[in-house]
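Please read the structure below before turning to the comments.
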Amino acid sequence: MTQLRWRKRNGTILPPVGSVRPGKEVVLGSDDFVDRPDYFTIYRKPTALVARVREEKSKSPLIKVDSLPVNRPGDGPSSSRTEPWQLPVPSFPRLKWRLLFADDKLHSSPFLHVSKLADVNLSLAPKAKVGTIPGGPSVDVGVIDIKATVITSVDPAIHLSVMTPWAQDTDANLWEFLHELAADSTEEGEDPAQLEEELITYLRPHLPEQAPGGWEFILPTSHLRLGDGERAEVSVQLRAPTRGSTAFALQVAEEGRGEPNAVVSDVVIIEVPEDPTKVSLLFASDDATLELSLQGDLSELVSWGTTAARRFLTRFR
């Protein structure tokens with residue numbers, strides 16, 4: 001089977017985990033062609049949330065980035081390469097890009113994550129639990145554990161913060177980031193303002209102006225020192241004594257720089273029903289395929305009111 005691979009200029013295969021800084025040069029190709037293509041087409045895959053909104057409007061979930069001729073020999077009779085190609089810079093500094101390339105024979109490469117700082121992903125911890133917040137009040141409260149995985153593309157000291165719709169700080173306010181996300185997720189000829197409106201309409205049930213009763217995000221570890229390519233897993237805790245839902249994201253910012261350098265995870269939705277052990281996390285992404293992912297108890301997603309959401313849930317029943 002033909003396997004398309006991202007490589008460094010020296011031929012080293014780039015792994016499908018972690019991230020590569022924009023501006024680096026990469027080479028596209030394969031070592032097991034049966035029938036060599038003439039070109040590779042490079043695409044960008046938006047976040048799972050944006051891909052869903054685009055699909056609802058009958059737009060392709062993939063955004064074309066470039067096309068490269070397959071015109072260089074590889075390491076054997078069945079291998080071919082492109083000329084070196086410089087990884088593009090995302091439209092906004094806090095955004096990360098997922099790139100893939102494909103030939104005309106239905107073969108596609110793994111994703112390549114492009115970020116100035118790190119790749120950041122969110123998922124539910126193995127079990128939601130009911131307990132007490134360390135150092136907090138002694139009364140029992142619902143505490144939801146969310147796992148954040150950070151893999152750096154540089155060797156920074158970083159600071160983590162949770163972005164919510166009700167945050168007062170502009171840098172931590174999710175509304176500001178949704179504007180950037182929409183502007184970055186359009187093709188030539190598309191209207192970013194229209195996509196922003198569609199995105200906000202889709203998320204509206206999960207953009208509360210104030211935190212649901214008693215809700216609080218807590219980061220037991222908010223500062224890390226990591227080496228280039230190092231991986232860390234940290235806990236994001238949600239104190240949720242009442243039912244509710246919200247969209248949120250995790251921001252990772254480099255410390256000690258004169259100019260800001262940050263990256264934001266995918267925007268996800270967390271919904272907590274009466275029983276917090278049945279929490280659901282929507283639009284977390286599986287980086288192996290970037291398929292839409294729903295973690296938790298499907299029957300407990302009570303606040304979806306749109307046709308789009310019902311169609312989404314039907315796929316998982």
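The values are calculated or read from the model by the stated rules, or taken from the named source; none is laboratory data. Small disclaimer: the values here were computed from a predicted structure and weren't measured. Neighbour counts run over all protein chains shown; Cβ positions are idealised from the backbone, glycine included. Heavy atoms of the whole protein, side chains included, go into the accessibility calculation; ligands, DNA and RNA do not. Shrake-Rupley method; radii C 1.70, N 1.55, O 1.52, S 1.80 Å.
On the given criteria, is Gly29 small (Gly, Ala, Ser) and either in contact with a His (Cβ under 9 Å, 6 or more places away or on another chain) or surrounded by fewer than 17 Cβ atoms within 10 Å (Cβ to Cβ) (or both)? For Gly29, the condition - small (Gly, Ala, Ser) and either in contact with a His (Cβ under 9 Å, 6 or more places away or on another chain) or surrounded by fewer than 17 Cβ atoms within 10 Å (Cβ to Cβ) (or both) - is not met. Considering (1) within 20 Å of Asp119 (Cβ to Cβ); (2) modelled with pLDDT of 95 or more, say which one Leu224 fails and leave the rest. Unmet for Leu224, out of (1) within 20 Å of Asp119 (Cβ to Cβ); (2) modelled with pLDDT of 95 or more: (2).
Pairing residues of region 205-219 that are on the phi > 0 side of the Ramachandran plot with residues that are part of a loop (DSSP other than H, G, I, E, B) and not aromatic (Phe, Trp, Tyr), at Cβ distances under 8 Å and at least 6 apart in sequence or on separate chains, gives Gly214/Ala240; Gly214/Pro241; Gly214/Thr242.
Set side by side, the residues Pro126, Pro90, Pro156, Pro84 differ, and just one is over 17 Å from Ala253 (Cα atoms), touching an Asp or Glu at 6+ places or on another chain (Cβ under 9 Å) and at pLDDT 85 or above, which is Pro84. Considering only residues that are polar (S, T, N, Q) and within 20 Å of the chain's Cα centre (by Cα), look in region 227-263 and name the one that is modelled with the lowest pLDDT. Filtering first and then ranking leaves Asn261.
Here the condition is being without any contact (Cβ under 8 Å) to a residue 40 or more places away in the chain and either within 28 Å of Phe92 (Cβ to Cβ) or of a type in the set (Lys, Arg) (or both); of Pro15, Pro46, it holds for Pro15 alone. Among the conditions (1) open to solvent by 70 Å² or more (accessible area, probe 1.4 Å); (2) acidic (Asp, Glu); (3) closer than 30 Å to Val162 by Cα, Asp75 misses just one, which is (3). Against the test of being part of a loop (DSSP other than H, G, I, E, B), among the aliphatic types (A, V, I, L, M) and at pLDDT 90 or above, the options Leu106, Leu100, Leu95 yield a single qualifying residue, Leu95. Just one of the listed residues (Asp31, Asp66) is in contact (Cβ under 8 Å) with a residue 12 or more places away in the chain, among the charged types (D, E, K, R) and over 29 Å from Glu180 (Cβ atoms), namely Asp31. Please verify whether Gly23 is touching a strand residue (DSSP E or B) at 6+ places or on another chain (Cβ under 9 Å), exposed (fewer than 13 other Cβ atoms within 10 Å of the Cβ) and on the phi > 0 side of the Ramachandran plot, treating the condition exactly as stated. When the stated conditions are applied, Gly23 passes them. Among the residues making up region 243-263, a single one is in contact (Cβ under 8 Å) with a residue 60 or more places away in the chain, among the polar types (S, T, N, Q) and either surrounded by fewer than 17 Cβ atoms within 10 Å (Cβ to Cβ) or over 22 Å from Ala157 (Cβ atoms) (or both): Thr246. Scanning region 266-302 for residues that are assigned to a strand (DSSP E or B), touching a helix residue (DSSP H, G or I) at 6+ places or on another chain (Cβ under 8 Å), at pLDDT below 85 and not hydrophobic (A, V, I, L, M, F, W, C) turns up Ser285, Glu291, Ser293. Right, Ala183: touching a helix residue (DSSP H, G or I) at 6+ places or on another chain (Cβ under 9 Å) and either in contact (Cβ under 8 Å) with a residue 40 or more places away in the chain or within 23 Å of Pro46 (Cβ to Cβ) (or both) or not? In short, yes.
Given the structure, is Ser138 modelled with pLDDT under 95 and either of a type in the set (Phe, Trp, Tyr) or surrounded by fewer than 20 Cβ atoms within 10 Å (Cβ to Cβ) (or both)? Here the answer is yes, as Ser138 does meet what is asked. Does Ile200 count as within 20 Å of the chain's Cα centre (by Cα), at pLDDT 90 or above, surrounded by 12 or more Cβ atoms within 10 Å (Cβ to Cβ) and β-branched (Val, Ile, Thr)? Spelling it out, Ile200 is indeed within 20 Å of the chain's Cα centre (by Cα), at pLDDT 90 or above, surrounded by 12 or more Cβ atoms within 10 Å (Cβ to Cβ) and β-branched (Val, Ile, Thr).
Within region 211-221, the residues that satisfy the criterion of being open to solvent by 30 Å² or more (accessible area, probe 1.4 Å) and either more than 25 Å from Ala262 (Cβ to Cβ) or of a type in the set (Ser, Thr, Tyr) (or both) are Gly213, Gly214, Thr221.
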